[in-house]
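This report concerns only the one structure given below.
Bear in mind that the values in this text are calculations on the coordinates, not laboratory data. Keep in mind that what you see is a predicted model, and the values were worked out from it rather than measured. Note that each Cβ is placed from the backbone with ideal geometry, even for glycine, and that neighbours are counted across all protein chains shown.
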Amino acid sequence: MSNLSNVKLNDGLQVPVLGYGTGTALYQKEAKDSVKMAYSEAHMHHIDCAEMYDNEESVGLALKELGVKRDDVFITTKCGSADPRKSLEKSLKLLGVDQVDLYLIHSPLLVKDTELGKSWQIMEELQKEGKTKSIGVSNYRVSDLEEVLKVAKVTPSVNQIEVHPYVYDVAQSLIDFCDSKGIHIESYGPLSSLIRHPGGPVDPIVKNIAQELGATEGQVLLKWAHQITHGGIVLTTSSKKERLEEQIKAFTEIKDLSDEQVKAVAEAGKKAHHRVFMPHMDQ
Ligand SMILES: NC(=O)C1=CN([C@@H]2O[C@H](COP(=O)(O)OP(=O)(O)OC[C@H]3O[C@@H](n4cnc5c(N)ncnc54)[C@H](O)[C@@H]3O)[C@@H](O)[C@H]2O)C=CC1
Ligand SMILES: O=CCc1c[nH]c2ccccc12
């Protein structure tokens, strides 16, 4: 059993600090075997799904075949349409559950600019009806959040966004805004400097810190995403058990980066800009 700590959201819900992503691997549709391995062998009990990944049925089957009790897994899924009610009802059926733990609007671009408030009100209804414990957003900019907050009775619990050193120049002000409103950050793409843009200014800094902490470079990047977002949730993935164990150890065995180390990675990151997903986040 991993002893990952929880992050407490603004509505009181506890979320395991590290989540297993099902969105960016090659096995999108056939997530079943990977989720089974991640849950049963690496003890990753927080699974991040989305309607758009087209694999919710596989994730549901994985949990069913493992005989996982509903309370023993934290399930996030995301609305991939302009109609959160219709999307969530479909997702619940595919996942084989009555309720998800966290439901997010995947992107503000799914919704007309003028309807960001209206779609948020539907999210609030879905939470009230018990179809999801917590509600949040993904890939929302400050301006999108301001629209939501104009009408919100419930403040979004999270904003799931791309966080790694090469987007920190742009992400910094959004992270600070979310912090000021009590909206937790969920970081995706945290390993991007290492695996998607190697050879840049961040690499030598991360390598040094890894040596100082007795950690791997991947572990340093996961911790950095957690710490730069003031204790946020981090999403990663792998189909290899050994890598998942290494990722978990980042949060159970490796000590925190010092403030100076966190700052050194941030400063190196600002020397280049590489966004991997969701170009609108740079607008
Ligand atoms: N809301 C959104 O728009 C988005 C959400 N996500 C969610 O976040 C999850 C994680 O995002 P990722 O970009 O996949 O995270 P990530 O930046 O941690 O990359 C994971 C990738 O790195 C590889 N990897 C893991 N450890 C490694 C190591 N030590 N050395 C080399 N390669 C390694 C894995 O095989 C995997 O392909 C997704 O699966 C998805 O659930 C991802 C992108 C967009
Ligand atoms: O969640 C963001 C990235 C992503 C990974 N797989 C898909 C499929 C469809 C839309 C977005 C994504």
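Residues whose amide H comes within less than 5 Å of that of T24, counting only those at least five positions distant or on another chain, are absent (H built at 1.01 Å from N in the peptide plane). The shape of region 184-252 comes out rounded: with a ≥ b ≥ c from the C-alpha gyration tensor, a/c is under 1.5. Between the alpha-carbon centres of region 126-168 and region 6-58 there is a gap of 19 Å. Its relative contact order, with pairs defined as Cα atoms under 8 Å and 6+ residues apart, puts the chain at 19 percent. Taking a ≥ b ≥ c as the square roots of the eigenvalues of the Cα gyration tensor, region 1-111 is oblate, since a/c reaches 1.5 or more and a/b is not larger than b/c. Modelled spin labels at F177 and R70, positioned 7 Å past Cα toward Cβ, are 3.6 nm from each other.
May I ask you to derive the FRET efficiency for K86 and D282 from their Cβ-Cβ distance with R0 = 22 Å, giving the value to the nearest 0.05? Show your work: numbers first, answer last.
On the way: r = 30 Å, r/R0 = 1.38.
Efficiency at R0 = 22 Å is approximately 0.15.
Counting only residues at least eight positions apart within a chain, or on another chain, the lysines with an alpha carbon under 22 Å from that of K271 are K207, K223, K263.
In a fully extended conformation the segment linking V151 and T24 would gain 42.4 nm over its present Cα-Cα distance, using 0.36 nm per residue.
With both partners inside region 1-114, how many of the DSSP beta bridges are antiparallel, as a percent to the nearest 5?
Numbers: 3 of 12 bridges.
About 25 percent, rounded to the nearest 5.
Using a simple spin-label model with pseudo-atoms 7 Å out from Cα toward Cβ, K241 and I195 lie 1.9 nm apart.
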